[in-house]
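Any read-out appearing in this document is the output of simple, stated calculations on the displayed coordinates, not a laboratory observation. This structure is a prediction, so every number in the text was calculated from the model and none was measured. For neighbour counting, all protein chains shown are included, and Cβ atoms are generated from backbone atoms with ideal geometry for every residue, glycine included.
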Amino acid sequence: MYSAFNNIKVEIFGESHAPEIGVRLSGIPKGIKIDEDKIQILVDRRKASQNPWSTRRNEDDNVEILSGLDNGYTDGSEIYARILNTDIRSKDYESIRNIPRPSHADYSAHLKNNSPVPIPGSGRYSGRMTAALCIAGSIAKQILEQEGISIYAYVSSIAGIKAKGYIDGDISKDNLEKARSYSICNIESQDKADIWTKAILLEKEDGNSVGGIVECVVLNMKKGVGDALFEGLEGRIAQSVYAIPAVKGVEFGAGFDIANKLGSEANDQFTVKDGEVSLLSNNAGGINGGISNGAPILLRAAFRPTPSISKTQQSVNIETKEIKQINIEGRHDACIVPRAVPVVESAVALAILDAILDK
């Protein structure tokens with residue numbers, strides 16, 4: 001699976017139940033310092049934790065950098081890294097052989113590749129593959145940080161229950177660090193965290209799952225990056241974020257709400273701050289005409305509920321064409337949103353690094 005970036009190339013390989021998954025990253029300039037410990041930290045952030053809504057699959061996710069770094073610096077060659085899969089249980093899918101799971105890639109992948117149904121662990125369409133994406137994303141983030149650009153993502157809602165949105169308040173590193181550090185989400189109080197936890201567990205007990213929204217903020221973005229039409233920065237970021245399984249919507253700034261505003265409300269008027277041209281608001285999310293305008297880039301990614309649920313659902317045996325009622329077995333997250341936070345940061349970092357390399 002290859003990226004469609006202009007300057008860097010990301011190849012993610014392997015499958016959820018294959019011996020390994022990994023990434024090959026090329027186009028990274030030589031001589032840039034990369035901290036392997038930081039790569040592991042970011043990958044660990046997306047690991048299944050001991051939260052009661054997380055999958056029981058227990059993977060160490062130890063990152064092995066096999067080439068591309070020399071004494072902690074990029075050497076100009078392809079960066080090749082992998083993670084071994086150690087906790088595989090493909091037998092969990094035997095009971096639904098030839099029966100596609102609703103809203104999974106089983107049926108569409110079967111139509112494209114004549115793949116078996118179901119695909120054990122969802123194969124290369126699995127959220128498991130985002131661990132490899134985080135390896136490349138951490139490298140991109142570290143390069144951007146050396147340019148003064150910081151990327152923060154955090155959960156803003158789960159199961160339709162919204163928390164305080166920092167993009168509507170004080171977008172400072174301290175606030176964004178605080179939002180990202182919460183174990184479950186960006187919240188005003190522990191009471192709200194408890195409400196979210198209860199909402200997830202209530203649906204899990206009923207054999208169901210819930211979705212949510214991850215917000216992302218890019219601070220100190222370089223001005224004038226991007227271009228019109230197909231080279232627009234919004235499109236390039238969105239394409240990268242849509243590579244994350246389960247993302248069904250991406251919006252910038254005021255997003256869809258901007259359609260309900262008047263022009264006088266939606267426009268970001270200009271001012272001068274500390275001798276520099278600045279904006280009084282940021283409804284555009286830091287991008288106009290596909291080009292960064294100097295304001296923080298603000299975006300949100302909507303994640304669908306996990307489709308693997310034990311609640312009874314209707315499907316079809318693709319060989320006999322019989323209608324079947326199924327209950328999906330196995331180890332699945334009742335809510336993937338908290339684990340998706342570092343993945344969003346990674347996808348955004350890769351897109352922004354690629355766009356900056358245009359210059």
When SER16, SER67 are ordered from fewest to most other Cβ atoms inside 10 Å of their Cβ, what list results?
-> SER67, SER16
State which stretch of the chain is the longest one without any exposed GluC sites (Glu not before Pro), exposure meaning a DSSP loop state and at most 13 other Cβ atoms within 10 Å.
-> 1-146
Listing SER278, SER122 from the residue with the fewest other Cβ atoms within 10 Å to the one with the most, what is the order?
-> SER278, SER122
Residues VAL63, VAL23 in order from fewest to most other beta-carbon atoms within 10 Å are VAL63, VAL23
Taking amide H positions as placed 1.01 Å from N in the peptide plane, with prolines and chain starts having none, which residues 5 or more places from VAL316, or on another chain, fall under 5 Å of its amide H?
-> LYS324
